[in-house]
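In what follows, a single structure is set out as structure tokens and then discussed.
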Ligand code: EPZ
């Protein structure tokens, strides 16, 4: 099993470039199954979720060429077959194959998806949307069949009971070639939804309103090829900005779309973090004393649930006390005992995370319990005095491309070792 070893306390400085958005590319790749020609993606991050998706697509018959951050996908060879079971469980986002296989073949036979341990991760909203569009759901052992029994999907007026990124994107994908109009109300508004709609529209789809809470899709017969640049990863950007504020002596985070991080940056400013927002970068100075603040997550454009863990080490060095409440995943707290092991005054009280700063963290053996918890532990390890060993690091490599190289470039003493 591999682990990350960090000798902390080293001041970091320089420039780090943000890669393409994981939560966009994990939807873009399956959506390409709908095309009847080549599609090229630029700015694809080097993360293991992409490796898994490429494996799944290739197993199903797509031909894929990867050259650095460019993926050339020819989906024409994709067969109407049950999803390869083993791979499906490696990532929750495999649910996007439901929408694209349903849209192309009128059926999808899949194993139930895996993903991080963030408490129950239902897919009822995805299935409700597919049923509204004419599909029926049946279960055969661990496999689930979503099928339209030969008729194409038809448009529907769908109201999402909960704002859901995955259900919004999956419904949009399935509706692209459905007969007639689909309206999604109470849609999620994340930038990744706009990115998927942009790809589909450039392939010939008719999607309007992506990024607002009402999305309208007019079904089309065919989708052709295109070339598409993946948007920058706002969560990776937020992670490096927090790290730069915590342990940096002047770090420029580049390939950042400020408008994707407005609520996050205003929270950092509330703490007193000094930074300059540039054209497509954020320069973070070396910080003085910071003020403890409280964080409450909400769907975009609110404070992202994915950033409440990465910002926590920075909160821990601020003066005063605060709390963090995640309204989207109340169980997203598994990083708390690990940070406490590093000497942090942090705990979970009545469903909220409470902390008291400032803290001087000490290196310790800790384990990553999910992707963003792992990122928080990396930042904490860089801040801590002494050596931190992080296990279960496969989670981290799912969402942070070349994280070891990027941090080494900044002067970090960090190594990935085979145990
Ligand atoms: C996406 O997950 C992201 N993953 C998550 O990022 C992110 O935390 C989450 O959106 C929220 O922003 C990807 O995009 C691959 P949801 P998703 O559907 O789509 C409930 C990371 O670290 N819900 O927006 O699975 C659900 O329980 C990952 O990069 C239902 O009830 O999340 C949650 O409370 C972690 N029924 C809320 O909605 C459903 O059918 C929001 O979930 C679907 C969701």
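List of remarks:
- Residue check, residue 327 in contact with a helix residue (DSSP H, G or I) (Cβ under 9 Å, 6 or more places away or on another chain), more than 26 Å from residue 12 (Cβ to Cβ), at pLDDT 95 or above and within 15 Å of the ligand (Cβ to nearest atom): yes
- In region 367-378, the residues that are within 13 Å of residue 4 (Cα to Cα) form Cβ pairs under 6 Å with partners that are near the ligand (Cβ under 10 Å from one of its atoms) and modelled with pLDDT under 95, at six or more places apart or across chains, as follows: 368/395; 374/395.
- Residue 162, sole failed condition from (1) surrounded by fewer than 15 Cβ atoms within 10 Å (Cβ to Cβ); (2) away from the ligand (no atom under 12 Å from the Cβ): (2)
- Here residue 358 meets the list (1) more than 25 Å from residue 398 (Cβ to Cβ); (2) within 14 Å of the ligand (Cβ to nearest atom) almost entirely, failing just condition (2).
- For residue 209, the test of being closer than 29 Å to residue 128 by Cα and more than 16 Å from the ligand (Cβ to nearest atom) is passed.
- When each of 63, 138, 100, 94 is tested for being at pLDDT below 90 and either in contact with a helix residue (DSSP H, G or I) (Cβ under 6 Å, 6 or more places away or on another chain) or surrounded by fewer than 17 Cβ atoms within 10 Å (Cβ to Cβ) (or both), the lone residue that passes is 94.
- Selection status of residue 296, part of a strand (DSSP E or B), exposed (fewer than 15 other Cβ atoms within 10 Å of the Cβ) and without any contact (Cβ under 8 Å) to a residue 60 or more places away in the chain: yes
- Residues of region 51-60 that turn out to be in contact with a helix residue (DSSP H, G or I) (Cβ under 6 Å, 6 or more places away or on another chain) and within 16 Å of the ligand (Cβ to nearest atom), as a count: 3
- Condition check for residue 359 on (1) outside any loop (DSSP other than H, G, I, E, B); (2) crowded, with 17+ Cβ neighbours inside 10 Å; (3) in contact with a helix residue (DSSP H, G or I) (Cβ under 9 Å, 6 or more places away or on another chain): one failure, at (1).
- Qualifying residue in region 278-296 (condition: away from the ligand (no atom under 16 Å from the Cβ) and at positive phi): no
The values are calculated or read from the model by the stated rules, or taken from the named source; none is laboratory data. Bear in mind that the values here come from a model prediction, so they are computed numbers and not experimental data. Because the Cβ atoms are built from the backbone with ideal geometry, glycine has one as well, and the counts that use them run over all protein chains shown.
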